[in-house]
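Okay, so here's the structure we're looking at.
Every number here is computed from the coordinates shown, using simple stated rules; none is lab data. Just so we're clear, the structure is a prediction, and the values are computed from it rather than from any experiment. Cβ placement follows ideal geometry from the backbone for every residue including glycine, while neighbour counts extend to all protein chains displayed.
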Amino acid sequence: MKVDLANKEVPKSEADCDLIGLKDYTVVVMTESSLETELLVNNYCNKHKIKFICCDVNGVFTRVFCDFGKEFEVLDKNGEECNEMIIKNISNDPKGIVQLM
């Protein structure tokens, strides 16, 4: 498996995505990018069956978006949407106790 860090120019079109060689990858991970760029790259990845992951951190808040294509199947125990929760504290104990609000 080959992994690259791409500090290349931000693509502004599908042609730019071709120029920076996104077709050569099976997964593209983006950080610190605008929503407009994320949507452009995600649409490009969808067309070329490339998995897409986008991650951002804003202060204490994080956002992760994954698009692994229409063929990707999520299997969970009950099929229900996950609950959103606010973390109050994470201990430094060996077992890492997480307290929720």
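Where is the GNM fluctuation largest for the chain (alpha-carbon springs, 10 angstrom cutoff): 67, 76, 18?
Judging by the Gaussian network model, the answer is 76.
About the Cα centre, and with charges only on the beta carbon of Lys, Arg (+1) and Asp, Glu (-1), how big is the dipole of the chain? Nearest 20 debye, please. Write down the numbers at each step before the final one.
On the way: 12 positive and 18 negative charges, 48 e Å.
That gives a dipole near 220 debye.
How high is the relative contact order of the chain? Use alpha-carbon pairs under 8 Å, at least six apart in sequence, and give a whole percent.
17 percent.
Would you mind checking the tilt of helix 35-47 against the longest principal axis of the Cα atoms of the chain, expressed as 0 to 90 degrees and rounded to 10?
Tilt of helix 35-47: around 70 degrees.
Using a Gaussian network model on the chain with a 10 Å cutoff between Cα atoms, which of 43, 83, 58 fluctuates the most?
In this elastic network of the chain, the residue with the biggest mean-square fluctuation among 43, 83, 58 is 83.
With N residues in the chain, what two-decimal value do you get for its Cα radius of gyration over 2.2 N^0.38 Å?
Numbers: Rg = 17.2 Å, N = 101, 2.2 N^0.38 = 12.7 Å.
In units of the 2.2 N^0.38 Å rule of thumb, it is 1.35.
Measuring from label point to label point, each 7 Å out along Cα→Cβ, what is the residue 18 to residue 71 span in nm?
2.3 nm
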